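Single-structure report; data block below.
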Amino acid sequence: MNSLYFYRLSVSPEARGKGIAKSILNWLEEYAKKHGKSEIVCRVRMSIPKNIQ
């Protein structure tokens, strides 16, 4: 498998807007590169519009 898979990334409402999710995603990208993965896959529930953003 050449992918890093994750799901249900969430930041508590009081901590949103502080770059926490962006930092997590950056860390995941570096981790994937370091471990020879060529892509990162995040699955979301399509029924929740904010998830798609």
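The figures follow:
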{"item": "Inter-residue pairs, beta-carbon under 6 Å, first without any contact (Cβ under 8 Å) to a residue 12 or more places away in the chain and under 21 Å from Y31 (Cβ atoms) and in region 1-20, second in a loop (DSSP other than H, G, I, E, B) and not polar (S, T, N, Q), 6+ apart", "result": "I20/V11"}
{"item": "Tabulated pairs, region 24-47, first assigned to a helix (DSSP H, G or I), second surrounded by 12 or more Cβ atoms within 10 Å (Cβ to Cβ) and at pLDDT 95 or above, C-beta under 9 angstrom, 6+ apart or interchain", "result": "Y31/K37"}
{"item": "R45 being at pLDDT below 95 and either at positive phi or among the acidic types (D, E) (or both)", "result": "no"}
{"item": "Residue check, Y5 modelled with pLDDT of 95 or more and surrounded by 11 or more Cβ atoms within 10 Å (Cβ to Cβ)", "result": "no"}
{"item": "Flag for I40 being modelled with pLDDT of 90 or more and of a type in the set (A, V, I, L, M, F, W, C)", "result": "yes"}
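The values are calculated or read from the model by the stated rules, or taken from the named source; none is laboratory data. Quick caveat, the model's predicted, so the values are computed rather than measured. Ideal geometry is used to build each Cβ from the backbone, glycine not excepted, and the neighbour counts take in all protein chains shown.
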